[in-house]
Structure formats: structure tokens, C-alpha cells
Amino acid sequence: ATCTPKNRNDALHPLWQSPLTIPGGTRQSPINIQWRDSVYDPVLKPLKISYDPATCLHIWNNGYSFLVEFDDSADRSIIVGGPLENQYRLKQFHFHWGAINEWGSEHTVDSKFYPAELHLVHWNAVVYPTFEEAVMEGDGLAVIGVFLKLGAHHEGLQTLVDALPAIKHKDTVIEFDVFDPSCLLPPCPDYWTYAGSLTTPPLTESVTWIIKKQPIEVDENQLEAFRMLLFTSDGEEEKRMVDNFRPLQPLMNRTVRSSFQ
Ligand SMILES: Cc1cc(=S)c(O)co1
Ligand SMILES: [Zn+2]
């Protein structure tokens, strides 16, 4: 289905107390990727990913999504190449998903939603001293987006799924000391790339998006495990953590490039 959920009044959506749009925003995310309008760029390099599983720190429920955070005090887990001029350090990864399998991803491909989308967030530590400063700069962040589709059980994801009951409520955290996020990447190297923004406040226009063409497969039980998390803290009236994705934003004067023909 290409319909977006009718029951969400974006202005009142629990996720965004602040204004939903950046006034004067010209490069907001997410967007629909119209495959036939994307432009093959032969200059784009292959994306080089090297993550050190020992840099994994903890997994926590921040009230928007669940995040796995990494030690980014040195260049131990980095990406380089692709559309990037510098190398970028992995800081965290998280997901966005829907209440049902018909929607949940932030980006769409030819107006098709996937049930969920993984975001691996990296920052330009070559140019900027801190992540917080990089968040405010046009070349500050690089986020790899991976679509999740309903299919076979995903072994690597199961390690995360097994930890979710322990972080059911907002602001709960557990230690997570070895995890290699490479296991969540599809084998196909093809990607689209475009200049965009964070999809949660502060919505800053600081992200070079790298969206993998090939989705990874996860099974129904694994998606359901995401949906049993809560937006709410322990003791509050329970609100299931679902539909934590931002509405599509206008492409405006942007071209989506592809690394493949
Ligand atoms: C830093 C950051 C990036 C994304 S994409 C998100 O959803 C939240 O925070
Ligand atoms: Zn995200």
C-alpha cells in the first residue's frame, strides 16, 4: 500500500513537540526515491565500511527509537569513500518502523514503504571536534539507510531483538559490549545518495544520505519485537513505540544519484 497512515495528525504526533518543518528548509528528509529519476554517477566510489565490534557500548530506549551507541573517541569504526570527501565515525544506529507491515520506513522507493528502516549514523570527525557541532554543519553527518522487508529470520538482528525486553521503557539502557553492525548490511554494494537532514529534531540539514538499494530480510516475530517497545517511561500510561517515522518531505531542487546503472 502506498497510503500513509490516516490516523496520524503530524502536528500532534507524539514524536514531534517542536515544529514539524524547518522554516526555509531546502534539503529535508526523508524523501521518496523515484528510481527512474535517479542519476547514475560513475564518479561515485564504492563505500568502504570498517567497524570494530568492540566499540559497541550499550543499547537504550531514548523515547523515539532504540539506539545502539558506539565509542567514537577514535577512528575505530568508520566509513569512507562513496560520496564522502572525508572519513566519518560511527556514533550510533537505530531504526524507524510502523504499527503494521504496510508502512514504517522513512524513505520510500517509487512510493513504496518498507516495514522498517535502519539508520547508521556517522559524523565527520576529520573536520569537526564533536558530534554536536557536526550535527549543525552541511557535511557534518553521513547516515546509511537500510530497508527491512518481511521475509527470512535475520540471525544478526536477533541479538538486538533479544535485548529489547530489557529496554521496554523510555530511558532504560543495558550494556551491549560486542556487536558488529556490518551483519545488518545487505551484500549488494549499490546505493542512492542525496543531501538531506536529520528526520528527528533538530532536523538540521547536515546529512549525506546513503540509502542501500537492497533491503535485508527480517521475520514477523522480529518486527513485532520492535513494536512491543514503549515511547513511555515506567509507571506512565503505556504508549507502544510504533510509527516513529517522519512524513515524506519535498525533493525541491535536489537530484538523487545512484552508484549503479
Ligand atoms: C542523529 C540522528 C539521526 C537520525 S536519522 C535520527 O532519526 C535521529 O538522530
Ligand atoms: Zn533515523
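The values are calculated or read from the model by the stated rules, or taken from the named source; none is laboratory data. Remember, it's a predicted structure, so these values are computed and weren't measured experimentally. Cβ placement follows ideal geometry from the backbone for every residue including glycine, while neighbour counts extend to all protein chains displayed. Ligands, DNA and RNA are stripped out before the accessible areas are found, and what is left, the full protein with its side chains, is counted by its heavy atoms. Shrake-Rupley method; radii C 1.70, N 1.55, O 1.52, S 1.80 Å.
So that you can scan it fast, the table gives a plain yes or no per residue for (1) surrounded by 14 or more Cβ atoms within 10 Å (Cβ to Cβ); (2) in contact with a strand residue (DSSP E or B) (Cβ under 6 Å, 6 or more places away or on another chain):
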position	(1), (2)
Thr108	yes, yes
Phe113	yes, no
Pro129	no, no
Leu150	yes, no
Thr159	yes, no
For the list (1) assigned to a loop (DSSP other than H, G, I, E, B); (2) more than 22 Å from Leu120 (Cα to Cα); (3) open to solvent by 60 Å² or more (accessible area, probe 1.4 Å), I need the number of the one condition that Leu248 fails. (2)
Pairs where the first residue, in segment 192-206, is under 12 Å from Val143 (Cβ atoms) and the second is among the aromatic types (Phe, Trp, Tyr), C-beta under 7 Å, 6+ apart: Thr193/Trp209; Tyr194/Trp209; Gly196/Trp209; Thr200/Tyr64
Per the filter on segment 25-68, residues within 16 Å of Ile144 (Cβ to Cβ), in a strand (DSSP E or B) and of a type outside the set (Val, Ile, Thr) are Leu47, Lys48, Ser50, Leu67
Scan segment 101-120 for residues that are touching a helix residue (DSSP H, G or I) at 6+ places or on another chain (Cβ under 7 Å), part of a loop (DSSP other than H, G, I, E, B) and within 19 Å of Arg227 (Cβ to Cβ) and report the count. 2
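If a residue must be within 14 Å of the chain's Cα centre (by Cα) and either in a loop (DSSP other than H, G, I, E, B) or more than 17 Å from Val68 (Cα to Cα) (or both), how many such residues does segment 176-186 contain?
1
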Test set (1) away from ligand 1 (no atom under 16 Å from the Cβ); (2) open to solvent by 30 Å² or more (accessible area, probe 1.4 Å) - Ile78 fails condition number: (2)
Modelled with pLDDT under 95, of a type in the set (Asp, Glu) and either farther than 25 Å from Pro165 by Cβ or open to solvent by 60 Å² or more (accessible area, probe 1.4 Å) (or both): which single residue out of Asp10, Asp41 fits that description? Asp10
Between Ser29, Ser50, Ser73, Ser38, which is of a type in the set (Gly, Ala, Ser), within 17 Å of the chain's Cα centre (by Cα) and on the phi < 0 side of the Ramachandran plot? Ser29
Please go through segment 129-173 and pick out each residue that is assigned to a helix (DSSP H, G or I) and in contact with a Gly (Cβ under 8 Å, 6 or more places away or on another chain). Glu133, Ala134
By residue number, the members of segment 106-124 that are more than 12 Å from ligand 1 (Cβ to nearest atom) and in contact (Cβ under 8 Å) with a residue 60 or more places away in the chain are Thr108, Val109, Asp110, Ser111, Lys112, Phe113, Tyr114, Pro115, Ala116
Only one of these is modelled with pLDDT of 95 or more, open to solvent by 10 Å² or more (accessible area, probe 1.4 Å) and under 20 Å from Pro129 (Cα atoms): Asn86, Asn32, Asn101, Asn62. Name it. Asn86
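Could you count how many residues in segment 81-100 are away from ligand 2 (no atom under 16 Å from the Cβ) and either within 18 Å of the chain's Cα centre (by Cα) or in a loop (DSSP other than H, G, I, E, B) (or both)?
Of the residues in segment 81-100, 9 are away from ligand 2 (no atom under 16 Å from the Cβ) and either within 18 Å of the chain's Cα centre (by Cα) or in a loop (DSSP other than H, G, I, E, B) (or both).
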